[in-house]
Amino acid sequence: MSRRSQPANLGFLASGRGSNLRAIVDHCKEGRLDATPVVVISNDAAAGALRYAREAAIPAFHMNGETDGSWTKCDQAMTALLKKYRVDWVVLAGYTKKVGSQLLGTFHNRVLNIHPSLLPRHGGAGMYGRHVHQSVLDAGDSETGATVHRVNEEYDQGKILAQRRIPVVRGDTPESLAARVLELEHSLYAETLQEIISGNLKPENVA
Ligand code: GRF
């Protein structure tokens with residue numbers, strides 16, 4: 001099997017604190033992920049993800065419908081920026097906006113996301129943060145987990161690439177579930193990316 005001569009370039013879209021971004025960057029630095037984080041884009045100027053990217057000397061940009069004039073223009077500008085940085089994989093790490101059609105078309109099958117539940121359960125519009133874990137508890141589910149999936153036009157509906165699960169235990173709260181699932185996310189996302197970059201998992205072939 002041939003090996004890539006160069007690590008894959010990762011471009012991140014993140015809206016929040018950026019713990020998945022950090023975990024993936026750490027995996028790259030430690031040589032556990034054969035990739036280079038080349039650019040971070042956030043729709044929120046105050047996002048922890050942007051602050052972290054600047055501290056880590058990763059080019060970081062604040063872009064949204066207001067900064068670029070409209071979401072259509074923002075979609076074009078984000079696509080151009082990701083191309084400029086020669087991004088191979090677009091990694092959503094807590095990105096709360098829908099990804100534009102130009103970006104999705106340009107990076108066909110190369111836009112990935114992680115969601116803090118066992119999709120297709122507890123996904124879709126409004127299913128973010130605490131709401132996901134409250135929904136798991138309300139449904140009485142005996143297990144939960146995290147899902148890495150391809151991104152399409154609809155929230156959390158792209159093909160599932162990898163999942164990891166944990167039990168829901170007596171006394172769990174949305175906060176306790178969020179903490180355990182987040183820990184799971186940090187290893188699952190980086191390890192799934194490594195599977196993809198090494199060619200063992202081909203997102204375009206997942207039916
Ligand atoms: C994570 O729970 C992820 O699954 C979801 O958004 C959250 C982002 O957290 N898509 P962080 O910003 O990576 O800490």
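Looking across the range 88-98, the residues that are part of a loop (DSSP other than H, G, I, E, B) and in contact with a strand residue (DSSP E or B) (Cβ under 6 Å, 6 or more places away or on another chain) come down to 88, 93, 95. Which one is farthest from residue 14 (Cα to Cα) among residues in the range 48-67 that are part of a loop (DSSP other than H, G, I, E, B) and within 16 Å of the ligand (Cβ to nearest atom)? Residue satisfying both the conditions and the ranking: 56. Among the residues of the range 155-182, those that are assigned to a helix (DSSP H, G or I), of a type outside the set (Val, Ile, Thr) and within 13 Å of residue 144 (Cα to Cα) comprise 174, 176, 177, 178, 179, 180, 182. Of the candidates 103, 137, the single residue that is away from the ligand (no atom under 11 Å from the Cβ), under 28 Å from residue 9 (Cα atoms) and touching a helix residue (DSSP H, G or I) at 6+ places or on another chain (Cβ under 9 Å) is 103. When the range 143-199 is filtered for residues that are acidic (Asp, Glu) and closer than 20 Å to residue 21 by Cβ, the ones remaining, listed by number, are 156, 183, 185, 191, 195.
Let's see how each residue does on (1) more than 15 Å from the chain's Cα centre (by Cα); (2) under 26 Å from residue 194 (Cβ atoms); (3) among the charged types (D, E, K, R):
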| position | (1), (2), (3) |
| --- | --- |
| 39 | no, yes, no |
| 45 | yes, no, no |
| 56 | yes, yes, no |
| 60 | yes, yes, no |
| 69 | yes, no, no |
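Listed here are the residues, each with its yes/no results for (1) modelled with pLDDT under 95; (2) outside any helix (DSSP H, G or I); (3) buried (at least 16 other Cβ atoms within 10 Å of the Cβ); (4) away from the ligand (no atom under 16 Å from the Cβ).
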site: 21; (1), (2), (3), (4): no, no, yes, no
site: 26; (1), (2), (3), (4): no, no, no, no
site: 32; (1), (2), (3), (4): no, yes, no, yes
site: 38; (1), (2), (3), (4): no, yes, yes, yes
site: 72; (1), (2), (3), (4): no, no, no, yes
site: 82; (1), (2), (3), (4): no, no, yes, yes
site: 86; (1), (2), (3), (4): no, yes, no, yes
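Among the residues of the range 177-202, what is the count of those that are more than 14 Å from the ligand (Cβ to nearest atom) and polar (S, T, N, Q)? Number of matching residues: 3.
The values are calculated or read from the model by the stated rules, or taken from the named source; none is laboratory data. Values in this document were obtained by computation on a predicted structure and should not be read as measured data. Here the Cβ is made from the backbone with ideal geometry for all residues, glycine too, and neighbour counts use every protein chain on show.
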